[in-house]
Amino acid sequence: MISPYHRIYYISSGTGEISHFEKKLRLEPGFLYIIPSFTLCNLSCETFLEQYFVQFFEETSDGKSLFASNRSIFKVEANPVDILNFERLKLINPGRGINRSDDPKIYEKNIYYKEYQELNMQQNTNQFLETQGVLLQLVARFTSPEIIAQRERGHIPVKILDTISYIVMNLQASLSVKYLAERIHLNSEYFSRLFEQYTGSRPLAYITEKRIERAQYLIMSSGAKQTEIAKMTGFESLSHFSKTFKKITGMSPRAYGKYFSLV
């Protein structure tokens, strides 16, 4: 399962398991877990599991995700404030329960997102700001120096960081390796090697990945037409967009949208 939003769990009782590639993490009572957006994982429970669960989209001024450098699952021991925060979220955001099903393939359907978005639109200013504050407190639990050290892959040169930010802020534009290299005064081939060294991907592959991630987000959250999404993510044609989307996700944009909706 892969989703375009962050998920935070607090396990209150029972046990389960999250698997992420070859890594398996036991879900234990008294712990918080975060699954960053676009992190492939599977959740399972053989007996019984009771949890608090919140999911949310992330929007930043520079377009870069807090967990962009390492989309891994993290675990921290919960404290009393964490539990109070989840209880407070429930109190000021009623009607958000996943009581229709305990299967993520069901309760993560798009029809439920639309219902919750409508409820979100009904929040007054006080409820909205308090909800944002509580979410930030929960996210902050995964930004300690120890966890940051786990996430960081080493020092990334300023020019590469600048390029990453430029890419995610300009996905709708025409982006070539030559242009990206010239704007930071580097040779194209040297720039490509340096970019791959610190991101794990060549520039064009990275751009395509981020465009498809943005498209997944827009399919889930905006209700925009495929032609509009293709344009907003920098694809020259709908056919190119559809072909690339399917190559990366394994599904066409239409099938992806249907998968996250109830029919």
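The values are calculated or read from the model by the stated rules, or taken from the named source; none is laboratory data. Only a predicted model underlies this, so the values are computations on that prediction, with no experimental measurement involved. A quick note on method: Cβ atoms are made from the backbone with ideal geometry, for glycine too, and the neighbour counts reach across all protein chains shown.
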Identify all residues within region 227-241 that are surrounded by fewer than 19 Cβ atoms within 10 Å (Cβ to Cβ) and without any contact (Cβ under 8 Å) to a residue 60 or more places away in the chain; write none if there are none. Thr227, Glu228, Lys231, Glu236, Ser237, Leu238, Ser239, His240
Condition first: of a type in the set (Lys, Arg), out of contact with any Ser or Thr (no Cβ under 8 Å at 6 or more places or on another chain) and surrounded by fewer than 20 Cβ atoms within 10 Å (Cβ to Cβ). Now tell me which residues in region 191-226 satisfy that. Arg193, Lys225
Residue pairs within 6 Å by beta carbon, gap of at least six or interchain, first lying in region 160-181 and under 24 Å from Glu228 (Cβ atoms), second surrounded by 16 or more Cβ atoms within 10 Å (Cβ to Cβ) and among the small types (Gly, Ala, Ser), listed first then second, are Val168/Gly63; Met169/Gly63; Leu171/Gly234; Gln172/Gly234
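Residue-wise test of (1) over 17 Å from Lys75 (Cβ atoms); (2) of a type in the set (A, V, I, L, M); (3) in contact with an Asp or Glu (Cβ under 9 Å, 6 or more places away or on another chain).
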{"residue": "Ile18", "(1), (2), (3)": "no, yes, no"}
{"residue": "Lys23", "(1), (2), (3)": "no, no, no"}
{"residue": "Pro29", "(1), (2), (3)": "no, no, yes"}
{"residue": "Ile34", "(1), (2), (3)": "no, yes, no"}
{"residue": "Thr47", "(1), (2), (3)": "yes, no, no"}
{"residue": "Gln51", "(1), (2), (3)": "no, no, no"}
Subset tally (residues that are of a type in the set (A, V, I, L, M, F, W, C), modelled with pLDDT under 95 and crowded, with 17+ Cβ neighbours inside 10 Å) for region 161-185: 4
Of the residues in region 212-241, those that are outside any helix (DSSP H, G or I) and among the acidic types (Asp, Glu) number 1
